[in-house]
Amino acid sequence: MICPLCSATFNNLPALYLHLRLQHGNSNTPLKCANGCGRIYDNLYSFKRHVSTCSFIPDISVPQNVDEFLPDVSTTSQDICINSSLNSSDSVQYDVKNFTSVVTTQVDTFVAKLYSKPQLPRNYVENIVQDVSLLFKNCLSSQFKNDLLVILKNAQVNSEELQHVENMFEVLDNSFQHLSSEYRRLKYFESNGLLVRPETVEIGSRTICKTTDKGTLRYTQKCHVQTIQLGVSLKHFLELPDAYDSIQSYISLLQSDASVSTAENFMQCPLWQQRRARYSLDQIVFPLFIYSDGVECNNPLGSHSKVLDAIYASLPCLPPECQSAIENIFLVHLYECSYRKDFTDEEIFGCVVSMLKSLEEEGILIQIPSGGLKRIYFITCLLLADNKAINSLGGFVEGFTANYFCRFCKTHRNDTHTQSVEISGSLRDEKSYSEDVAASDPKSTGVKFDCVLNALPSFHITSNYAVDIFHDLNEGVCHYVLIQLLQHCIPKYFTLEFLNDRIASFFHGPCESNSMRPISSDRLQKGITKLKMSGSETVVFVKFLGFLIGDMVPKDYSYWLLYLKLRQVMDICFSKSVSASSSTSLRVLVEELNSMYVSVTKDTLKPKMHNLVHYSRVLEMSGPLSHLSCAKFETKHRSLTGPAHATTSRVDVSYTLALRHQLVQAFRFISNESILPKLQFGPGDILDLTSYDNYVSFRKSIPPSFRNQTLFSPKWINIKGTKYKPGMALLVNANENGPVFGKLKSILMKDSDIVFLFEYYLNAGFNQHLHAYAVGDTDIWSCKRPSELFDPLPLFAHKDVCGDSYIILRYAL
């Protein structure tokens, strides 16, 4: 980045922006883009917005195979080397190929960006491309071209220069020729390696009935599934800027912390060590998670409802700030859900298994930034899904009413009604699973057929230590406990209207993107087991329930103690890192929760509560359970449902959606942007730290580079996907006395360096009744960089009905 006023250079846009605010804040000189496009702006805000999106490329090589699609543009005098009429001693060489490359790149990016809009149908893209192409021809290459040539001739510009101008107009006139139809566009993107087109694989045929004017006819319909070559997608992804390097840096960081007793990633866990043991230490091996779920592509309540099954893949070795981004989840397989009734899993998933086996045994070659080639292997370590989907793919019975519904153990359904601990003797293993497959008796074994993924060298369904806290806790156990609590508290301690009034008036704070919904009276009737809330809304309701009714419920009330026990279980399940003792703690808490539920409610345990008894084993083998949640994959479905709502074609909806998904991915590849989240910040003010009354108290904690400097203080900042605003609470540290909190007062920036100025909270101790820490204000201020915080996620100090402040942790530390 180059300053347009003093020509100083900077590494990134935030540094340039701060320089302009601090050094040229009072200048009225127009700002000219120094990237090469030459646009001029009269204010700093418009200039910053333009520079952040300016994609002018002064010198770029022609993309591969572009000559096949570009028009033949003739030049004169070997790309025309002419003498300038302004200075006859200077020789300027005009290269129309360079201009052609710039125009082609911009046109390719423009068209790819149109395809990346999920709500824009492909026929609209066709119309836009045609209209813009006509605009270029009618405006630029006709009237404007003729008038400009007349002006240049009158100015006595020599013939070589005129010929070059005509060549440039000819390039603009034909700039969309290689993308003039959808066939050409798809072929062009595919030939340049930008589009990984879905492959249509025929798996068989079935007989269907169709009503016509001649009556009902029966005919044979060919059935297809859509498969995307995962190896090609991974290759393009790992060759994006910062992708390979950031992954290797993160893996090196995890390996350097091997002596630490905590685990924050799957690669630090025993299951990965078992899978990795097949390879030598000098081989590069990445873990791979596979996810399967159904997608409603039509209105589920309509007459044309259709469910597709999608299989995604993700890399758990990505840096933490990249793992939740849905663009880092890859579509692998898409097919109609009804095919599972007519075809075997080997027929439907055979191509997927072959692909995953190839990634594990042969790997892929990628071009690393240093210029060499690296072979990377990918091991399919876990199959993630909700309970029904994972049982279906795993060959187990799908219904919870079956005698042996659990995929982890062979415990009879009647015994699970009161079971609080895991029975190691009943756990499934490869031997017992093979015997159950051979027995072919699902009623007495719970196994219907052999899992198709067992054909992979390093995978077996019985060692698939994966659970889904989103469906088990958020949409399961939380509802069971909450309904029991509310049914016995209303109207004994408060009314439903009282609770809804407090929900409506509660301030959620800046850290919560979800809000609580009012409770409907019909949800509290006997026999109802689920509140009318989404999984995310349920977590928010559980989190703040103490502030809503904690003052109305006695501390020793048995149902409230059951709720608090649930909070303790959730704290460990949602944690981002776990210690060696976390597995034991979770095992004890689950035993207490299930035992309390049976004794307090006089009800039996639900199947999702039985799943909890296996959570401690999964946590021990696979690491933090929050990293195994299906929540982010549920969000990924929007990349399919959005295009489904935007198109009316249902001839082959799986191909339509798979192709559109890959076109969105093609835009990412052609943009060639870093996978790391960009630093973003809002407007702010110039700040002098000495103006603070507490300057003396925090002066020593200020980094030396920030002292005696005029700093920029934005109103908000987004660092690695996490947004911070003054007023939030920071988890500064944690020690034997508990967590140390701070209230964010100001965000300080100098170039791209960031410091948080905060005021320490007084931690008055943990309030078990509210499951929150009581805090108070102090006059002690300090500074820390974001990387120095104990936990990067911000918190907020909420007030109860008495006006006292409390902070609730997101998860156990």
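Does S426 fit the bill of being surrounded by 16 or more Cβ atoms within 10 Å (Cβ to Cβ), touching a residue at least 60 places away in the same chain (Cβ under 8 Å) and hydroxyl-bearing (S, T, Y)? Steps first, please.
Values: surrounded by 16 or more Cβ atoms within 10 Å (Cβ to Cβ): yes; touching a residue at least 60 places away in the same chain (Cβ under 8 Å): no; hydroxyl-bearing (S, T, Y): yes.
It is false that S426 is surrounded by 16 or more Cβ atoms within 10 Å (Cβ to Cβ), touching a residue at least 60 places away in the same chain (Cβ under 8 Å) and hydroxyl-bearing (S, T, Y).
For region 680-732, the set of residues classified as among the basic types (K, R) and touching a helix residue (DSSP H, G or I) at 6+ places or on another chain (Cβ under 9 Å) consists of R699, R707, K720, listed by residue number.
In the condition set (1) of a type in the set (G, A, S); (2) closer than 28 Å to V618 by Cβ; (3) touching a His at 6+ places or on another chain (Cβ under 8 Å); (4) open to solvent by 50 Å² or more (accessible area, probe 1.4 Å), S515 is compliant with all but (2).
Would it be correct to say that V201 is among the aliphatic types (A, V, I, L, M), modelled with pLDDT of 85 or more, closer than 30 Å to I311 by Cα and open to solvent by 30 Å² or more (accessible area, probe 1.4 Å)? Show your work before the answer.
Numbers: among the aliphatic types (A, V, I, L, M): yes; modelled with pLDDT of 85 or more: yes; closer than 30 Å to I311 by Cα: yes; open to solvent by 30 Å² or more (accessible area, probe 1.4 Å): yes.
So V201 fits the description; yes.
Residues in region 429-448 that are assigned to a loop (DSSP other than H, G, I, E, B) and either surrounded by 15 or more Cβ atoms within 10 Å (Cβ to Cβ) or more than 35 Å from the chain's Cα centre (by Cα) (or both): S440, D441, G446, K448.
When region 532-556 is examined, which residues are found to be open to solvent by 30 Å² or more (accessible area, probe 1.4 Å) and farther than 13 Å from L770 by Cα?
At the first step, the residues of region 532-556 found to be open to solvent by 30 Å² or more (accessible area, probe 1.4 Å) are 532, 534, 536-537, 539, 543, 551-552, 554-556.
Passing the criteria: K532, S534, S536, E537, V539.
Screening C573, C630 for residues that are of a type outside the set (K, R), in contact with a His (Cβ under 7 Å, 6 or more places away or on another chain) and within 30 Å of R276 (Cβ to Cβ) leaves exactly one candidate, C630. With respect to the stated conditions, K576 is open to solvent by 40 Å² or more (accessible area, probe 1.4 Å), on the phi < 0 side of the Ramachandran plot and of a type in the set (K, R). Among the residues in region 797-806, are any hydrophobic (A, V, I, L, M, F, W, C), modelled with pLDDT under 95 and surrounded by 14 or more Cβ atoms within 10 Å (Cβ to Cβ)? No, because not a single residue in region 797-806 is hydrophobic (A, V, I, L, M, F, W, C), modelled with pLDDT under 95 and surrounded by 14 or more Cβ atoms within 10 Å (Cβ to Cβ).
Listed conditions (1) among the β-branched types (V, I, T); (2) under 30 Å from Q221 (Cα atoms); (3) touching a residue at least 40 places away in the same chain (Cβ under 8 Å) are all met by V578, apart from (2). Screening K532 on (1) out of contact with any strand residue (DSSP E or B) (no Cβ under 9 Å at 6 or more places or on another chain); (2) touching a residue at least 40 places away in the same chain (Cβ under 8 Å); (3) closer than 22 Å to E634 by Cα; (4) charged (D, E, K, R) shows it passes everything except condition (2).
Scan region 696-715 and tell me whether some residue there is of a type in the set (S, T, N, Q) and under 25 Å from A774 (Cα atoms). There is at least one residue in region 696-715 that is of a type in the set (S, T, N, Q) and under 25 Å from A774 (Cα atoms).
Only residues that are among the acidic types (D, E) and either surrounded by fewer than 18 Cβ atoms within 10 Å (Cβ to Cβ) or more than 18 Å from D571 (Cα to Cα) (or both) were counted in region 596-621, giving 1. Right, L593: open to solvent by less than 10 Å² (accessible area, probe 1.4 Å), in a helix (DSSP H, G or I) and in contact with a helix residue (DSSP H, G or I) (Cβ under 8 Å, 6 or more places away or on another chain) or not? Here the answer is yes, as L593 does meet what is asked.
Restricting attention to region 166-191, which residues are of a type in the set (S, T, N, Q) and either buried (at least 19 other Cβ atoms within 10 Å of the Cβ) or closer than 16 Å to Q130 by Cα (or both)? Residues satisfying the conditions are N167, N174, S175, Q177, S180, S181. Restricting attention to region 381-423, the residues being open to solvent by 20 Å² or more (accessible area, probe 1.4 Å), under 34 Å from the mean Cα position of the chain (by Cα) and without any contact (Cβ under 8 Å) to a residue 24 or more places away in the chain number 3.
Only one entry in S581, S595, S585, S558 is out of contact with any Gly (no Cβ under 9 Å at 6 or more places or on another chain) and modelled with pLDDT under 95, namely S581.
Would you pick out the residues in region 485-507 that are free of Cβ contacts under 8 Å to residues at least 24 places away in the same chain and assigned to a loop (DSSP other than H, G, I, E, B)? Scanning region 485-507 gives P491, K492, T495. Considering region 140-163, and only residues there that are among the polar types (S, T, N, Q) and over 23 Å from D95 (Cβ atoms), the residue that is most open to solvent (accessible area, probe 1.4 Å) turns out to be Q156.
The residues listed here are P510, P457; of these, the one that is surrounded by fewer than 16 Cβ atoms within 10 Å (Cβ to Cβ), touching a residue at least 60 places away in the same chain (Cβ under 8 Å) and in contact with a Pro (Cβ under 9 Å, 6 or more places away or on another chain) is P510.
Within region 642-689, the residues that satisfy the criterion of being free of Cβ contacts under 8 Å to residues at least 60 places away in the same chain, open to solvent by 60 Å² or more (accessible area, probe 1.4 Å) and within 23 Å of the chain's Cα centre (by Cα) are K678, Q680.
Given the structure, is R523 more than 30 Å from E321 (Cβ to Cβ), open to solvent by 50 Å² or more (accessible area, probe 1.4 Å), of a type in the set (K, R) and modelled with pLDDT of 95 or more? Taking the combined requirement at face value, the residue does not satisfy it. Scanning region 93-115 for residues that are among the hydroxyl-bearing types (S, T, Y) and open to solvent by 20 Å² or more (accessible area, probe 1.4 Å) gives Y94, T100, T105, T109. Listed by position, the strands (runs of 3 or more DSSP E) inside region 691-783 whose residues that are open to solvent by 60 Å² or more (accessible area, probe 1.4 Å) number at least 3 are 753-767. Among the residues making up region 303-320, those that are touching a strand residue (DSSP E or B) at 6+ places or on another chain (Cβ under 8 Å), open to solvent by 40 Å² or more (accessible area, probe 1.4 Å) and touching a residue at least 12 places away in the same chain (Cβ under 8 Å) are K306, V307.
Does D556 meet the test of being in contact (Cβ under 8 Å) with a residue 12 or more places away in the chain and part of a loop (DSSP other than H, G, I, E, B)? Taking the combined requirement at face value, the residue does not satisfy it.
The values are calculated or read from the model by the stated rules, or taken from the named source; none is laboratory data. Bear in mind the structure is a predicted one, so any value in this text is a computation, not a measurement. Backbone-built Cβ (ideal geometry, glycine too); neighbour counts: all protein chains shown. These accessible areas exclude ligands, DNA and RNA; they are computed on the full protein's heavy atoms, side chains included. Shrake-Rupley method; radii C 1.70, N 1.55, O 1.52, S 1.80 Å.
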